[in-house]
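The values are calculated or read from the model by the stated rules, or taken from the named source; none is laboratory data. As the structure is a computational prediction, the values presented were derived from the model and not from experiment. Note that each Cβ is placed from the backbone with ideal geometry, even for glycine, and that neighbours are counted across all protein chains shown. Please note that ligands, DNA and RNA were not included when accessible areas were found on the heavy atoms of the full protein model with its side chains. Shrake-Rupley method; radii C 1.70, N 1.55, O 1.52, S 1.80 Å.
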Amino acid sequence: MLRSSTINIGTYESGEPAHVPFGSLIPILNPNDLEIHGWDISNMNLAEAMDRACVLDHDLKRQLYDQMREITPWPSIYRPDFIASNQSDRANNVLTGSNL
């Protein structure tokens, strides 16, 4: 929203308002520079994970499939007391250690 907004910075000599893009006044991250990632106890790539979850529209999944196939989650903490017991079989991407 900020990247498409303008702000009034005064008026021209003609009396017309002068607007400039908000992003030209302060630095704003370009959305194309964002890197999206996450953690999961399963090492399944995101294309297979979105198929398994059955929560996204079929056409949307079809459009995203090739990009999502390249992304696998970082290892996560596995705490059996916090995660549903039926998820233990898919816990193949977990951090190990004593301070978890």
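Across region 20-36, which residue is farthest from residue 64 (Cα to Cα) among those that are open to solvent by less than 80 Å² (accessible area, probe 1.4 Å) and either modelled with pLDDT of 90 or more or assigned to a loop (DSSP other than H, G, I, E, B) (or both)?
Ranking the candidates gives 20 first.
Conditions: (1) within 30 Å of residue 99 (Cβ to Cβ); (2) not in a loop (DSSP other than H, G, I, E, B). Residue 67 meets all but one. Number of the miss?
(1)
Mind checking which residues of region 37-64 are acidic (Asp, Glu) and either touching a residue at least 24 places away in the same chain (Cβ under 8 Å) or not in a loop (DSSP other than H, G, I, E, B) (or both)?
40, 48, 51, 59
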